[in-house]
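Student: The structure follows.
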Amino acid sequence: MGGTGCLHLVNGTLHVEGVSLDQLATRFGTPLYVYSRALLKERYEAFTSSFAGAPDSLACYAVKANSTLAVLGVLARLGAGFDIVSGGELKRVLMAGGDPSRVVFSGVGKRSEEIAAALDAGILCFNVESEPELDRIAAIAAARGQTAPVSVRVNPDVDAKSHPYISTGLRENKFGVDMDAARALYHRAASLPSLRVCGIDCHIGSQITSLSPFTDALARVLELVDELAAVGIALEHIDVGGGLGVSYNGETPPAPQAYAAAIISGIGKRKLRILTEPGRAIVAEAGVLLTRVEYLKHNGDRGFAIVDAGMNDLLRPALYSAWMGIEAVRPRAGPTACWDIVGPVCESADFLGKQRELALEAGDLLAVRTAGAYAFAMSSGYNSRCRAAEVMIDGENAFLVRERESLEDLVRGERMLPVDA
């Protein structure tokens, strides 16, 4: 899974599949998110084929990475499962044609109405993250005459060696429960008639670029699986989570084939269905953010290329100091200069990339690579800026899958106080 992603040059212009980005900018404007249907399919099928040796395995796409309906629809048509973290994500999956029996519900703060909706939809499993949550799910299911399928999200205290904001498998993180607490929680769940204990879950973080954190976590979780089996609590599945990284700036994460081989080998002869929760690894490289240079500016010897996409459109660089590849849609011949690629938002953290060597002029189009994951999904209307449009490319066809927000959209639902208040 290299860092080339969905972009390629044709006659001096960057294309996604068979469509040039400059034509897309003319037709749909900028900022603009562009996705490759072919690469989404390729990345998803890399997971399904890699786990082909594990009967009935299921890749549950992590909806939080990119929840756009068209993206979910492409994956639903391929038979994907889905990992959700809210009632809103469940609604999106169902609207996109996803099968609720292939949905797992994660997250530490499930509200009562979200739990009820998931029960009614008939999801595969709740990944329980605390004792109070377990009790709430049991009470809601009992009151409705239903049985809730549950697994416990175990926190194995394994360092994923990623950014602290996307680490989820340490004791200091809010996610999951530690091993001792998990043992007690399984015994409690097994005693409650409105619950059906069906699995175990573990997710240690995101953008992981080596296999050892996965295998270390798996070994610890399997110890608990064996302990539970010895006392009569036999589990049907193990959800090993997601977190497999991609190449943003020369990283060399394991291929899905190597990842799958390590997981299958670790589980060995245990009769456990394998669930995974890939998100970034499926969608990141299938997306690009298209933005136009508005001004070139120098403060002393520092050069700034001010573009029309800001941190409200792409938060990762400001939030994580994330490095995103940036290049000209129509690369210019001639000398380059060093530019900070910055947006119009009134924050010093508003940048897409710093110290990039590019030959630029005002009006040029830039493509931000690997922008399919945690990009539009984290965008906002900060500074009262309209969120970008989204386009899906399918061969030589471009489909507008989300209209650009309008100024009217920004204030829809707001109300002024009465004049006499």
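Student: So which helices of the chain fit the span-like rule, where a helix is a whole DSSP H run, its Cα atoms reach 24 Å or more along the axis, and its mean Kyte-Doolittle is at least -1.0?
Tutor: On the way: long enough: 212-230 (27 Å, 0.63).
Span-like helices in the chain: 212-230.
Student: Here's something else I'd like to know. Subtract the Cα-Cα distance of SER101 and LYS269 from 0.36 nm times their separation in residues, and report this length gain in nm to one decimal. Let's see the in-between values first.
Tutor: Details: separation 168, 0.36 × 168 = 60.48 nm, distance 2.56 nm.
Full extension of this stretch gives 57.9 nm more.
Student: Which entries in the list LYS110/LYS354; LYS41/LYS91; LYS110/LYS269; LYS41/LYS271; LYS91/LYS269; LYS41/LYS297 go over 32 Å, if you measure between the two C-alpha atoms of each?
Tutor: Working: LYS110/LYS354 38 Å; LYS41/LYS91 22 Å; LYS110/LYS269 34 Å; LYS41/LYS271 29 Å; LYS91/LYS269 37 Å; LYS41/LYS297 41 Å.
From the list (LYS110/LYS354; LYS41/LYS91; LYS110/LYS269; LYS41/LYS271; LYS91/LYS269; LYS41/LYS297), the Cα-Cα distance tops 32 Å for LYS110/LYS354; LYS110/LYS269; LYS91/LYS269; LYS41/LYS297.
Student: Would you please give the residues with an amide H less than 5 Å from that of VAL307, counting only those at least 5 places away or on a separate chain, with H modeled from the backbone geometry?
Tutor: Close amide H contacts, sequence-distant or interchain: GLU294, VAL342, GLY343.
Student: Considering only DSSP beta bridges with both partners in the range 235-356, what is the antiparallel share in %, to the nearest 5?
Tutor: Values: 9 of 15 bridges.
Bridges in the range 235-356 are about 60 percent antiparallel.
Student: Taking every DSSP beta bridge that has both residues in the range 106-278, what percent is antiparallel when rounded to the nearest 5?
Tutor: Values: 1 of 18 bridges.
Antiparallel bridges: around 5 percent, rounded to the nearest 5.
Student: What does the charge add up to near GLY18, with Lys and Arg as +1, Asp and Glu as -1, over the other residues with Cβ less than 10 Å from its Cβ? List each step's numbers first, then the result.
Tutor: Details: positive: none; negative: GLU17, ASP394, GLU396.
My count for the surroundings of GLY18 gives -3.
Student: For the range 1-141, what's the relative contact order in percent, using C-alpha pairs closer than 8 Å and at least 6 residues apart?
Tutor: Numbers: 171 pairs, mean separation 20.7, N = 141.
About 15 percent, as a whole number.
Student: Can you give me the C-alpha center-to-center distance between the range 77-149 and the range 387-410, rounded to a whole angstrom?
Tutor: Using only Cα atoms to place each centre, the spacing works out to 29 Å.
Student: Could you give the size of the charge dipole of the range 106-278 about its Cα centre, using +1 on the Cβ of each K and R and -1 on the Cβ of each D and E, expressed in debye and rounded to the nearest 20?
Tutor: Numbers: 16 positive and 21 negative charges, 75 e Å.
Here the size comes out at about 360 debye.
Student: Continuing with the same structure: Only Cα pairs under 8 Å and at least 6 apart count here; give the relative contact order of the chain as a rounded whole percent. If you can, show how the numbers build up before the last one.
Tutor: Numbers: 951 pairs, mean separation 83.7, N = 421.
That works out to 20 percent.
Student: Ok, one more. Note down the net charge around LEU290, summing +1 for each Lys or Arg and -1 for each Asp or Glu among other residues with Cβ under 15 Å from its Cβ. Numbers along the way, then the final one.
Tutor: Values: positive: ARG27, ARG292, ARG330, ARG369, ARG387, ARG402, ARG404; negative: GLU17, ASP22, GLU294, ASP308, ASP313, GLU327, ASP364, GLU390.
Result for the neighbourhood of LEU290: -1.
Student: Using a simple spin-label model with points 7 Å from Cα along the Cα→Cβ vector, what separation in nm is obtained for ASP120 and GLU396?
Tutor: Once both label points are built, they end up 4.7 nm from each other.
Student: Note down the nm distance, to one decimal, between modelled labels 7 Å out along Cα→Cβ at ALA143 and at GLU227.
Tutor: 3.3 nm
Student: Moving on to the next point. Test of understanding: ordering TYR33, TYR44 by Cβ neighbours within 10 Å, fewest first, what list do you get? If you can, show how the numbers build up before the last one.
Tutor: On the way: TYR33 28, TYR44 23.
Ascending Cβ contact count within 10 Å gives the list TYR44, TYR33.
Student: Take LEU75, LEU58 and order them by how many other Cβ atoms sit within 10 Å, fewest up front.
Tutor: Working: LEU75 25, LEU58 22.
With the sparsest Cβ surroundings first, the list reads LEU58, LEU75.
Student: Another one. Taking the Cα centre of the chain as origin, work out the dipole magnitude from +1 charges on Lys and Arg Cβ and -1 charges on Asp and Glu Cβ, in debye rounded to 20.
Tutor: On the way: 41 positive and 50 negative charges, 88 e Å.
Dipole of the chain, to the nearest 20 debye: 420 debye.
Student: Now a separate question. When VAL288, VAL329, VAL16 are ordered from fewest to most other Cβ atoms inside 10 Å of their Cβ, what list results?
Tutor: Working: VAL288 31, VAL329 23, VAL16 27.
Going from sparsest to densest Cβ surroundings: VAL329, VAL16, VAL288.
Student: May I pose another question? With charges only on Cβ, +1 for K and R and -1 for D and E, what is the dipole size of the range 312-421 about its Cα centre, in debye, rounded to 20? Intermediate results must be reported in sequence, preceding the final value.
Tutor: Values: 12 positive and 17 negative charges, 54 e Å.
It comes to approximately 260 debye.
Student: Moving to a separate point now. Would you work out the relative contact order for the range 106-278, in percent, from Cα pairs under 8 angstrom that are 6 or more residues apart? Provide the component values of the computation, followed by the final result.
Tutor: On the way: 309 pairs, mean separation 34.2, N = 173.
Relative CO of the range 106-278 lands at 20 percent.
Student: Moving on to the next point. Roughly what % of DSSP beta bridges within the chain run antiparallel, to the nearest 5? Before the final figure, lay out the partial values.
Tutor: Numbers: 34 of 69 bridges.
Percent antiparallel among DSSP bridges in the chain is about 50.
Student: Between THR336 and ASP56, what length comes free when the chain is fully extended (0.36 nm per residue of separation minus the Cα-Cα distance, one decimal in nm)?
Tutor: Numbers: separation 280, 0.36 × 280 = 100.80 nm, distance 5.26 nm.
Additional length available on full extension: 95.5 nm.
Every read-out reported here was derived from the displayed coordinates using simple, explicitly stated rules and does not represent laboratory data. Fair warning: this is a prediction, and the values are worked out from it, not measured in the lab. Backbone-built Cβ (ideal geometry, glycine too); neighbour counts: all protein chains shown.
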